[in-house]
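Below is one structure, written out as structure tokens; comments come after it.
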Amino acid sequence: MSTPRLVPLSPTTWAWTHDSTAWGYSNCGLVASDGEALLMDTQFTLQATRELLAAIAGAVPDATVTTVVNSHQNGDHTWGNELVPDAEIITSEASAAHLCQEMTPDMLAALSRSEPTTAVTAYAVEHFGVFDFGGITVTPPTRTFTGSLDLTVGRTAVRLLDLGPGHSAGDVALHVPEDGVVFTGDALFDGGHMIVWSGSLTSCVTACDTLLATGATTFVPGHGRITDRAGVTAFRDRLSRIMDTATAHARKGMELAEAARLVEKEYAGDLAHPERLFTAVAAAYREAGAEHVPSTTFELVEGMAQLAAG
């Protein structure tokens with residue numbers, strides 16, 4: 001379980017953070033000014049989103065959430081959207097197009113409560129069985145953009161950045177220039193290894209450069225602890241090394257599963273979920289032109305589960 005809290009970053013920005021690197025406990029961002037509020041992402045379940053909204057009401061009781069920005073379409077960042085029914089929900093065009101490519105709440109609930117007779121079901125039960133996905137109506141974005149989008153929240157200027165494919169098929173970051181804060185979504189992880197759903201590890205590295213180019217000094221990752229420029233740089237450099245190593249294995253013709261085992265052994269370190277390195281290796285193999293590389297959500301989960309099971 002996780003104990004979340006709303007952390008003030010400036011007079012107008014807050015981060016909703018968790019003390020857990022487990023699957024499903026995502027961070028959110030809040031920008032509030034002159035009675036208006038923008039929320040960056042919602043939570044995995046309705047109950048978790050209610051807790052978030054209650055904390056916001058306590059911190060800024062005079063502000064109304066008029067805008068929700070979804071960093072991408074994974075359920076742990078969007079399945080609470082329905083609880084902000086009057087807000088405009090914004091994401092990138094690429095993110096919105098990815099809406100129907102993930103498991104539905106009902107599908108994930110069934111999988112995480114099934115008999116753990118395979119590597120995939122055992123993995124799902126272990127990591128998602130604690131969540132209650134009941135009552136969720138997947139609520140899509142109402143507005144999309146490409147490139148960047150400038151908005152104002154009260155008197156505070158914010159900029160949405162379309163990062164393109166990386167963690168997901170379309171990632172979005174939110175920059176608050178006057179506060180030097182960026183809410184990165186899952187373009188950045190802290191304390192745990194990244195999942196690469198998009199098939200492009202190169203884009204994950206490029207996204208880090210885009211985050212750093214904002215000049216911001218405070219970065220709120222999609223999961224894990226709030227970090228700084230050094231943290232983003234270290235994350236980017238680790239991804240680059242993983243990409244170089246995995247690409248070399250691909251060019252030698254090594255089987256993907258064996259390469260994933262070697263990469264995990266070399267790069268697991270003390271970060272949570274080293275089995276997620278399977279997705280990074282698969283992305284590097286795809287970019288190197290290897291054939292028959294897993295690409296669907298189920299195939300990538302299966303690869304992670306098998307790597308975790310040894």
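The values are calculated or read from the model by the stated rules, or taken from the named source; none is laboratory data. All figures in this text were calculated on a predicted structure; none of them were measured in a lab. Heads up, the Cβs are rebuilt from the backbone with ideal geometry, glycines too, and the neighbour counts pull from every protein chain shown. SASA here: full protein model, heavy atoms, side chains in, ligands and nucleic acids out. Shrake-Rupley method; radii C 1.70, N 1.55, O 1.52, S 1.80 Å.
Given (1) free of Cβ contacts under 8 Å to residues at least 60 places away in the same chain; (2) closer than 18 Å to Thr67 by Cβ; (3) open to solvent by less than 30 Å² (accessible area, probe 1.4 Å), where does Pro140 come up short, assuming only one miss? The failed condition is (3). Quick one: count up the residues across the stretch 2-14 that are more than 18 Å from Asp190 (Cα to Cα) and either open to solvent by 30 Å² or more (accessible area, probe 1.4 Å) or of a type in the set (Lys, Arg) (or both). Going through the stretch 2-14 one residue at a time, the tally reaches 2. Selection of first residues in the stretch 281-304 that are open to solvent by 20 Å² or more (accessible area, probe 1.4 Å) and at pLDDT below 95 and of second residues that are of a type in the set (D, E, K, R) and in a loop (DSSP other than H, G, I, E, B), restricted to Cβ pairs under 9 Å at least 6 apart or on distinct chains, gives the following pairs, ordered by first then second residue: Thr297/Glu102.
Thr17: open to solvent by less than 20 Å² (accessible area, probe 1.4 Å), out of contact with any Ser or Thr (no Cβ under 7 Å at 6 or more places or on another chain), in contact (Cβ under 8 Å) with a residue 40 or more places away in the chain and under 25 Å from Gly129 (Cβ atoms), yes or no? So that I can check it myself, show each step before the final result.
Details: open to solvent by less than 20 Å² (accessible area, probe 1.4 Å): yes; out of contact with any Ser or Thr (no Cβ under 7 Å at 6 or more places or on another chain): yes; in contact (Cβ under 8 Å) with a residue 40 or more places away in the chain: yes; under 25 Å from Gly129 (Cβ atoms): yes.
Yes.
Just so you know, in the stretch 250-271 the residues that are among the small types (Gly, Ala, Ser) and surrounded by 17 or more Cβ atoms within 10 Å (Cβ to Cβ) include one that is farthest from His193 (Cα to Cα), and it is Ala250. Of all residues in the stretch 251-300, those satisfying the criterion of being within 27 Å of His98 (Cβ to Cβ) and outside any helix (DSSP H, G or I) are Leu271, Ala272, His273, Ala288, Gly289, Ala290, Glu291, His292, Val293, Pro294, Ser295, Thr296.
Working only within the stretch 206-233, note down all residues that are among the hydrophobic types (A, V, I, L, M, F, W, C) and under 15 Å from the mean Cα position of the chain (by Cα).
Quick first cut of the stretch 206-233, residues among the hydrophobic types (A, V, I, L, M, F, W, C) only: 207-208, 211-213, 216, 219-220, 226, 230, 232.
Residues satisfying the conditions are Ala207, Cys208, Leu211, Phe219, Val220, Ile226, Val232.
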